[in-house]
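Notes follow the structure.
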Amino acid sequence: MNTNNDPTTYAEALAFLNGMTRRKIAPNTEIHRQRTGLLTVTLYQTEIVTYYPSGLVELDTGGHLTALTVERMNRYLPPNVEVRRKLGGLLVNDVVVRDGHRFFPNELETA
């Protein structure tokens, strides 16, 4: 968890849900448990962060590369991961990535 006690991993998000299918975590933002077992941080209707049981994380702006989207991504990712906007794209720890990018936060490698 980060300094605000927000979930930043699969295990933390699962514990935060406490048996529920979805739970609000911020204005217009919820954590959802998908039928597949994946957990998603949803901003409005867009699944911006997906947590996998393996520790893998997937990022997706859904075409909404806004300051709010990036703020929410950073809020629900581990502290060693920083997402920024640059020239219409995403940077993860200064590496340009595209929507659907998957990585292990503890290794910062693409999957």
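The values are calculated or read from the model by the stated rules, or taken from the named source; none is laboratory data. Just so it is clear, the structure is predicted and the values come from calculations on it, not from any experiment. Cβ coordinates were reconstructed from backbone atoms using ideal geometry, including for glycine residues, and neighbour counts include every protein chain displayed.
Residues in the range 102-111 that are part of a strand (DSSP E or B) and crowded, with 17+ Cβ neighbours inside 10 Å: 1 in all. Out of all the residues in the range 54-76, is one or more modelled with pLDDT under 90 and more than 20 Å from ALA13 (Cβ to Cβ)? No - not one qualifying residue is present in the range 54-76. In the range 78-96 there is no residue that is among the hydrophobic types (A, V, I, L, M, F, W, C), more than 11 Å from the chain's Cα centre (by Cα), in a helix (DSSP H, G or I) and surrounded by 13 or more Cβ atoms within 10 Å (Cβ to Cβ). I'm checking my understanding of the structure. Among residues of the range 26-69 that are buried (at least 20 other Cβ atoms within 10 Å of the Cβ) and of a type in the set (A, V, I, L, M, F, W, C), which one is nearest to PHE104 (Cα to Cα)? Checking each candidate, the answer is VAL57. Any residue in the range 11-24 that is surrounded by fewer than 17 Cβ atoms within 10 Å (Cβ to Cβ) and touching a residue at least 24 places away in the same chain (Cβ under 8 Å)? Taking every residue of the range 11-24 in turn, none turns out to be surrounded by fewer than 17 Cβ atoms within 10 Å (Cβ to Cβ) and touching a residue at least 24 places away in the same chain (Cβ under 8 Å). Looking only at residues that are of a type in the set (Ser, Thr, Tyr) and over 23 Å from ALA15 (Cβ atoms) in the range 42-53, which one is nearest to the chain's Cα centre (by Cα)? The extreme case among them is THR46. Look at the range 27-56: where a residue is without any contact (Cβ under 8 Å) to a residue 12 or more places away in the chain and a partner is surrounded by fewer than 19 Cβ atoms within 10 Å (Cβ to Cβ) and in a strand (DSSP E or B), sitting 6+ places away or on another chain with Cβ atoms under 7 Å, you get THR40/HIS32; THR40/GLU47. When residues in the range 18-55 are screened for being more than 19 Å from ASN74 (Cβ to Cβ) and aliphatic (A, V, I, L, M), 2 of them pass. Restricting attention to the range 1-24, the residues that are modelled with pLDDT under 95, touching a strand residue (DSSP E or B) at 6+ places or on another chain (Cβ under 9 Å) and among the hydrophobic types (A, V, I, L, M, F, W, C) add up to 0.
One residue stands out among those in the range 1-39 that are of a type in the set (A, V, I, L, M, F, W, C) and farther than 17 Å from GLY55 by Cβ: the one that is farthest from the chain's Cα centre (by Cα), which is MET20.
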